[in-house]
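Asker: Below are the structure tokens for one structure; questions will follow.
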Amino acid sequence: MTPPCLRCKAFGDPGIYRHNILKCHDPDHHAIEEYWPDFPDVGPPFQAPADIQECKDFFKTLKKGGEYDGRPLTKNMLEALHQRAMTKVARAPPAPAKTKVAAKVSQATSAKGKDASTFTSAAADSGNGKANEMTPPPWRETFIHSDGLPGACAAKGSDEAIWAQGRVNATADDEKTDAKRVGTGGQSARIATNYVVVGKVPKVVWVYGVKFVVGVKVVGKGEEGVGDEGVGVGAQLLEVQEAAADAEFPTVGDVAASLPETASPVTQSGDQTISMHDMMDGEEKFGQPVVETEENTPAVATTRPAREVKRRTEKRHVFDALRTAVPFSGRDDWATDFDTVWSLSPLSFTSHQSGPPVEGQIFIIHDVPYHKASGHEAQLDRVEFTFLRTLRFDNGTATESLLNSGHTTDKGASVHVTALNGLISKHATEMQPGTITQVGPNKFFLCNGFTNLPPPASRNSLAAPLNAHRGYYSSVRPGNERVLLNIGTKAGAFINPMLVSSFLTRINAANYDEYGTRPSLLIGKTVRICYDRAQIKADFDPNLERNRHKTIASFGQVPSKQMFYLASEGREISVKEYFVKLGVSLAPSDAHSCANVGLAPRSEKDEWGRDTGVESEQTKGKQLWIPASYLEIDPNQPFNRRLCPDHMEAMLAAAQHRPAETQKLISDEGLRTLGLTQANVNPQQANARLAVLGLNIDPRLIEIPARFLPGPHIVFALNKSVQAKAASWALGGGGGRDPFWTARFFRLPSPTDIYPLKKGVHVLDFCTKGKGGQSANLGNVLTNRLVAHGLRFDSQASNGWSLEVSARSQQPQQPDRLRLAMSDYTDAELVKMLVNLRNVWAKPDLFLVLLDKKDSGNYATIKRVLDQYLGLHSVCLTHAKFHRKEPSPQLFSNLALKVNMKLGGQSHQVSEQDGRSMKSMFASIATDTIVLGADVSHAPSQMSFCPSVASVVGSNDTAFANFPGSMRLQASGQEIVEELADMVKERVGAYITSNKRVPSRMIFYRDGVGEDQFQLVQSKEIVAVEAGFAAARAELAGKKDNKEGKILDHGKPLVLTFIVVGKRHNTRFFCREIEQSSKLFRNGELKGKGSIAIREAHDGSTIYNPSYNGNVKPGLIVDTVITRPPVDQIYDFFLQSHEALKGTAKSGHYVVLKPGNLTVNQIQTLTHAFCYNYARATKGVSYAGPAYYADRLCERGTHYLKAFTANKSSPPWQMTPAEKQGGKDGGKTYAKRVADNVSNRPEWNLRIVDRRKNPWHPNFDNCMFWL
């Protein structure tokens, strides 16, 4: 939502909310009603310039058919400019006369008068490093977003209306299908999905790599070089190193090999060069190339070490300058992400360039002038274009070329897909200028579509520090026979534009403590200087809007303590005193530190690359300190930190849309955002722009064939069974037709032991809320619930027995609440207390831990102590779940479910659809198959290079109920499992020990691998799995049981089925009719359709029954149209096995890399069954249980890591010089070393001295303790 109209105070934008300026007036300003009818085009939302006077001057010359900034005027532009012209600016009293200005300043640590701090703010803007004394202008503040932006909302509609009115493209049912890749089970249907058809792609795309280089400026005799500020005075040259017909051309490698370490390609004798001035658009015509010979080539005098520009914003500003120069001037058939250029024809750098480029050929543009983000003029030494390859798309097999390109990007993505995505991204940004913000290669967020995080409590509440912006994702996908474009909704966290001081105040609440030091959140962000500064250079006005923007480099002290040397007065002065001298209306507050928008202080390094503590001469005296209250955060800047729980909860609420709403957003706003539909854009214009890029896209979501698999039956003990309706079932206690029936778990722990829980449930009460004594009752409730589900206790505990901890006496005979909060304990203190209690309680079996709230730190502490130190099972419960008088029976049934599973029991069996047979759906693989799951978690931590956690789980029984696990640490960010063979060996060995036989088949579910890593998985992980199995078999040779023939080994090679499970995709499915959605159930009975919609809201949207959200019902299988083309043996399918509780359901995406001897139908049916076999819930889960188990085990590992990473921003081990100089490879080597070191620390593994590789207590080796 846009800010309110300054006349009628109503919120709204004339192009979106039909805010009619004819109906609102302001007596203080001249109305513009006479201009309104002259501009019929509404146009997209428009951001007016910040300069108010500029907007006022515009209206003095306004006439019919006028333009602004070269664009035809629209109603949106007219209104935005008028609103800005009407803005009233608060002015402070004028400053005292003859006040001298300081600016580029530094935090002085030496005596006054030292050369280290002689820069002023005026000098900072001029860039000449000399003290300047100027009379400043009268103090004037120019705030734009001082209080942040209020939230906005998205429109909604009814499901039925969206299904009926939504435009879809019905794909043909006669697409070629391969019986080996497509299943046949289930009921056929047709559904909609978030893909559109790409009808045409370019036939050829030419690809160039781009480097932006500073340094190695070749300076001739008597010629001045390029200064540190980047302003060069040498001739501007374009160097074209091209191949002659009969001579070799220099490639990147050739040039680098022929130059010293500090140099890169330089102008060689006989090379052809041309002045860049002659190549720029304007009055000058293209000139003839200046051919230099040995006689007129200047001798090389000096060179400077080269470095590449890495900041994307800097690259973008350089490219903005290049757009008006050869080879880009006058052509639109190209796109760039500032690292790569994709062009539909070869780039022509000179008029005499003959023939197409050759791979490896280098083209260099020297001395490129451009404007920095701060508005200063700058000059880049050179931009290198290296021709990489030609991409060919045969329209008949274009979808196959997207997979079999033979080349990948540095990140492993298909270069064909990346090129098409680049072209589509260019189209989106140019069709919607100023209305969207692009983040990454293919995410686009609306500048004006957002909600506050969290939403304001009332209309008068202050705006939140963060916003959740609504956005869209697009990606070209290879369909079965067509090239498709996947379009999905996104939500991104952005910093709310406001004063830096306001942001720091509002994010300083205790519930945001996980962010650590708050000012660090703004380092690297762009801010706007909100007061007028003195003009030092005639050609640079610091108060023009484009020149007000700076980047925060660091934070210092509060204004009264932040000192700098003021050369004009020959003394040190505080920032506060300096601004008071300027005549500010209100002296800067000491509530927040000053921000440095100059250069960040850097320390000199010793020969080993270590900090010396001495500030580098390159940054000394180049800081610019400004109070936080005079800096505004620029809009549309992503917040890149991991969100804290409160913000994450608000973000999820903002991101979740009911499926029909998601469909409508994509069909309407999403396609418009990408420039594919006609709202505010002429459709012929959009199609013409796409045609220039060689594209044609049908802007309709496609309808595709699908199937629905039936839900299985869930069997409990005593042959009791229920059917999983809407992927859910109850454990009794009021469910089903018998309200008094309670399910008895299918198999109890330790069948040979009549009393598996001899000592009952013990309560650890860490709650500081509520009344004392309630915890004892909770222990009884859980104990009784365990008995109801079939578990047994000895006679002393048969009626429920609970003991709880007393912090004062630690005497279980006197139950009392634990008065200390969990955060008051260290790991060692908890261990000591629990060891004492264990001696009194004679080895308790289970702890019920009561906590105040969800807190990852407290949860990690209790799990580390009980899992790693003591080997005792525990379940946790937060105060919000039990503070009511009567705890929910279903809640304690769910706790009982976890207890049974932790102790090795089986809660239920997944059976065939015919419930009377009670036959397990795994019967066909029960006797000869081991099932494994694997995942890698990149631990969320403030510590850089934090190790990643890799886990493998494996079945050890024929019912596939128990999946013990293995865990290792590996290098930060590494996705391929490094010690996979060793962990597979452990899991196969456990299976052999438990079942007394070697499995002949293995089904392996690998979680979390992107499609760009499939080749690595095939070449490394599949090989490692087979090696681990072989090692486990080889280890049998020396075992006694094997020698005595007690272990059956079939002696055949392993038959491996390897399936990758994907969750991080953007495919969504939508109903075409109400019968395809999940029905409503009450007590197991179907409710009527009429109960879906409850009533209409005041805004016309439909309010639905909370039990219904309109998702496609569980059991959905999609394995055609949007799946992979048949170019290899790999095939894939989507399976929606769960009932999404909120938002739009995300199906599991399964890619079969190695099918083994299982058919498509078998793999799909077994995978569906594993989703219902998940032991921790009474629901079908969203992806296969073995992969889910591995994911949860990785999560437990991240909690163990917190013992080491807590309060660390970086590892305690320094990088070696070789690692620092090794670039990405050096970083990987260091990350591996950090992971190895942490693996050997007691904070991670208490028993590393015993050569145990898994970090938990040996008691937990054969159970799923982590669920």
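Asker: Gain in length, residue 1237 to residue 653, computed as 0.36 nm per residue apart minus the alpha-carbon separation, to one decimal in nm?
Answerer: 206.2 nm
Asker: If I take the Cα coordinates of the range 510-641 and project them onto the principal axes, what are the three extents in Å, biggest first?
Answerer: 45, 41, 32
Asker: Name the residues whose placed amide hydrogens come within less than 5 Å of the amide hydrogen of residue 849, ignoring near sequence neighbours (fewer than 5 apart) on the same chain.
Answerer: When sequence neighbours closer than 5 places are left aside, the close amide H contacts are 764, 875, 876, 877.
Asker: Ordered by packing density, taken as the mean number of other Cβ atoms within 10 Å over each peptide's residues, highest first, how do 693-705, 928-940 rank?
Answerer: With the highest mean Cβ count within 10 Å placed first, the list reads 928-940, 693-705.
Asker: Sort 1015-1023, 467-475 by the packing proxy (mean of other Cβ within 10 Å over each peptide's residues), most packed first.
Answerer: Per-residue mean Cβ counts within 10 Å order the peptides as 467-475, 1015-1023.
Asker: Still on this structure, please answer the following. Once you've got the Cα coordinates, tell me which of 310/490; 315/537; 310/1202 are over 30 Å apart.
Answerer: In this structure, 310/1202 exceed 30 Å between Cα atoms.
Asker: How large is the Kirkwood hydrodynamic radius of the range 1194-1267, counting all unique pairs of alpha carbons, in Å?
Answerer: Roughly 14.1 Å, rounded to one decimal.
Asker: Let me ask something else. Can you give the net charge of the other residues whose Cβ lies under 12 Å from the Cβ of residue 369, counting K and R as +1 and D and E as -1? Let's see the in-between values first.
Answerer: Values: positive: 372; negative: 320, 367, 377, 381.
Counting the neighbours of residue 369, the net charge comes to -3.
Asker: Give me the percent of the accessible area of the range 1126-1267 that comes from carbon and sulfur atoms, probe 1.4 Å, all protein chains in place.
Answerer: Values: 2690 of 5630 Å².
Carbon and sulfur atoms account for 48 percent of the accessible area of the range 1126-1267.
Asker: What is the Rg over Rh value, at two decimals, for the range 842-881, using alpha-carbon atoms and the Kirkwood definition of Rh?
Answerer: 0.99
Asker: For a distance above 18 Å, tell me the whole-number percent of Cα pairs in the range 909-1014 that qualify.
Answerer: Of all Cα-Cα distances in the range 909-1014, 56 percent exceed 18 Å.
Asker: Show me 641-654, 542-555, 981-994 ranked by packing, highest mean number of other Cβ atoms within 10 Å first.
Answerer: 981-994, 542-555, 641-654
Asker: Further question: Search the structure for amide H atoms under 5 Å from the amide H of residue 1131, placed 1.01 Å from N in the peptide plane, and list their residues when 5 or more places away or on another chain.
Answerer: 1152
Asker: Continuing with the same structure: If R0 is 25 Å, what FRET efficiency do you get for residue 1203 and residue 881 from their C-beta distance, rounded to 0.05?
Answerer: 0.40
Asker: On to the next question. Tell me, what is the 1.4 Å probe accessible area of residue 558, in Å² to the nearest 10?
Answerer: Number for this one is 30 Å².
Asker: Could I ask something else about it? Please give the contour-minus-distance gain from residue 824 to residue 646: 0.36 nm per residue of separation, less the Cα-Cα distance, rounded to one decimal in nm.
Answerer: Length difference between fully extended and current span is 61.8 nm.
Asker: Could you go through the range 592-600 in sequence order and give the Karplus-derived ³J(HN,Hα) for each residue, using 6.51 cos²θ - 1.76 cosθ + 1.60 with θ = phi - 60°, rounded to whole Hz, and x for Gly and Pro?
Answerer: Result, ordered by residue: 9, 6, 6, 9, 9, 10, x, 9, 6 Hz.
Asker: Want the number for residue 718 to residue 520: 0.36 nm per residue separation, take away the alpha-carbon distance, what's left? Don't skip to the answer; put the middle values down first.
Answerer: Details: separation 198, 0.36 × 198 = 71.28 nm, distance 6.05 nm.
The span from residue 718 to residue 520 would gain 65.2 nm if fully extended.
Asker: Given labels modelled 7 Å from the Cα in the Cβ direction, how far is it in nm from residue 203 to residue 41?
Answerer: About 3.3 nm separates the two model spin labels.
Asker: If you count only protein heavy atoms and use a 1.4 Å probe, how large is the accessible surface of residue 715, to the nearest 10 Å²?
Answerer: Using a 1.4 Å probe on the heavy atoms, I get roughly 0 Å².
Asker: Quick query: amide H of residue 1048 versus all other amide H atoms, modeled in the peptide plane; which residues come in under 5 Å with a sequence gap of 5 or more or a different chain?
Answerer: For residue 1048, the qualifying residues are 997, 998.
Asker: Separation between the residue 835 and residue 1020 pseudo-spin-labels, each 7 Å from Cα along Cα→Cβ, expressed in nm?
Answerer: According to this spin-label approximation, the distance is 4.1 nm.
Asker: With θ taken as phi - 60° and the coefficients 6.51, -1.76 and 1.60, list the Karplus ³J(HN,Hα) couplings across the range 1159-1173 in order, rounded to whole Hz; mark glycine and proline as x.
Answerer: With the stated coefficients, the range 1159-1173 comes to 7, 4, 4, 5, 5, 5, 5, 5, 4, 4, 5, 5, 5, 8, 8 Hz.
Asker: Would you kindly calculate the mean projected area, averaged across all directions, of the convex hull enclosing the Cα atoms of the range 1113-1267, in square nanometres?
Answerer: Taking the Cα atoms of the range 1113-1267, their convex hull projects to 14.6 nm² on average.
Asker: Along the Cα→Cβ direction, 7 angstrom out, place labels at residue 1251 and residue 1048. What is the inter-label distance in nm?
Answerer: 3.3 nm
Asker: Okay, next question. Please work out how many pairs of lysine residues in the range 559-656 are eight or more positions apart (or on different chains) and have Cα atoms closer than 24 angstrom.
Answerer: Lysine pairs meeting the criterion: 9.
The values are calculated or read from the model by the stated rules, or taken from the named source; none is laboratory data. As the structure is a computational prediction, the values presented were derived from the model and not from experiment. Don't worry about glycine lacking a Cβ; one is built from the backbone with ideal geometry, like all the others, and counts go over all protein chains shown. Accessible surface is based on the protein model in full, side chains and every heavy atom, while ligands, DNA and RNA are left aside. Shrake-Rupley method; radii C 1.70, N 1.55, O 1.52, S 1.80 Å.
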